[in-house]
Amino acid sequence: MHRTDPASSRHPLRAAVWLAGASLALACSLPARADTAPAGKFTATAKVASADEAAQQGAQIFANDTFGTKQTWVPSNSFSNHLMTCAACHTDGGKTEGTTPSGAHLPSLIGAAAKYPKFKKKKHEVYTLERQIVHCVRAGIMGKPPAYDSPEMVDLVAYLTQLSRGASMGQQFSH
Ligand code: HEC
């Protein structure tokens, strides 16, 4: 029988080399930004007419984007499962006190952006607002976070910063 298969069992070493090459080729063909989630229901665009427009887009992302998660929750005014979003825990767009699906109490996000960069005692690290958002997408929504320089991230930062309008910045630093 004529064999054209390069992974011929007569040459186990050649087969192993061929397999390694094939899996490397597969890995290289993955999109470069594999850690970046496609937008959920709402697609942000980088071009906006004002910071307010970015914040409005951010509010939509906050309410609707599921970041590719499979995790569900049941909102209090509903009997059906919904995919997780920021709003699953941060109630009313983050403007009121929130509750996690497991019942933990969360403060409102009004004024929160002004507390960043924030020292995280347990980790001995300073978190930017973006890093906190990435953390909430990974650990809260269990989805793929937007890239740091993506329109989705910019819009979420714009939205959260708008919620802190008028708050005094830098209070977390000692004098
Ligand atoms: C499963 C619940 C859950 C979801 C979903 C969630 N968060 Fe959070 N979020 C938390 C908890 C708990 C904290 C406070 C403790 C911590 O940092 O983990 C928090 C804290 C924050 C803070 C910091 C507040 C402060 O005062 O420092 C911001 C900002 C924030 N979340 C934004 C978001 C955004 C934006 C999303 C959606 C991309 C989101 N969260 C989704 C649970 C959640």
Looking at the range 142-167 only, could you name the residues that are in a loop (DSSP other than H, G, I, E, B) and either among the polar types (S, T, N, Q) or surrounded by 21 or more Cβ atoms within 10 Å (Cβ to Cβ) (or both)? 143, 145, 146, 150, 163, 164
Restricting the first residue to the range 124-144 and requiring it to be under 19 Å from residue 82 (Cβ atoms), which pairs with a second residue that is of a type in the set (Gly, Ala, Ser) meet a Cβ separation below 8 Å and a spacing of at least six or different chains? 137/37; 137/143; 140/88; 141/88; 143/37; 143/68; 144/37; 144/68
Keeping to the range 146-172, report how many residues are within 11 Å of the ligand (Cβ to nearest atom) and under 21 Å from residue 48 (Cβ atoms). 11
Among the residues of the range 61-71, write down those that are touching a residue at least 60 places away in the same chain (Cβ under 8 Å) and either within 12 Å of the ligand (Cβ to nearest atom) or within 26 Å of residue 161 (Cβ to Cβ) (or both). 61, 62, 65, 66, 67, 68, 69, 71
Could you tell me whether residue 175 is more than 8 Å from the ligand (Cβ to nearest atom) and at pLDDT below 95? yes
Among residues belonging to the range 88-105 that are surrounded by 17 or more Cβ atoms within 10 Å (Cβ to Cβ) and near the ligand (Cβ under 9 Å from one of its atoms), point out the one that is farthest from residue 166 (Cα to Cα). 88
Go through the range 72-87 residue by residue and tally those that are assigned to a loop (DSSP other than H, G, I, E, B) and either more than 8 Å from the ligand (Cβ to nearest atom) or over 17 Å from the mean Cα position of the chain (by Cα) (or both). 8
Count of residues meeting criterion [part of a loop (DSSP other than H, G, I, E, B) and more than 9 Å from the ligand (Cβ to nearest atom)] in the range 106-125: 6
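The values are calculated or read from the model by the stated rules, or taken from the named source; none is laboratory data. Every value quoted in this text rests on a predicted model; they were computed, and no experiment measured them. Heads up, the Cβs are rebuilt from the backbone with ideal geometry, glycines too, and the neighbour counts pull from every protein chain shown.
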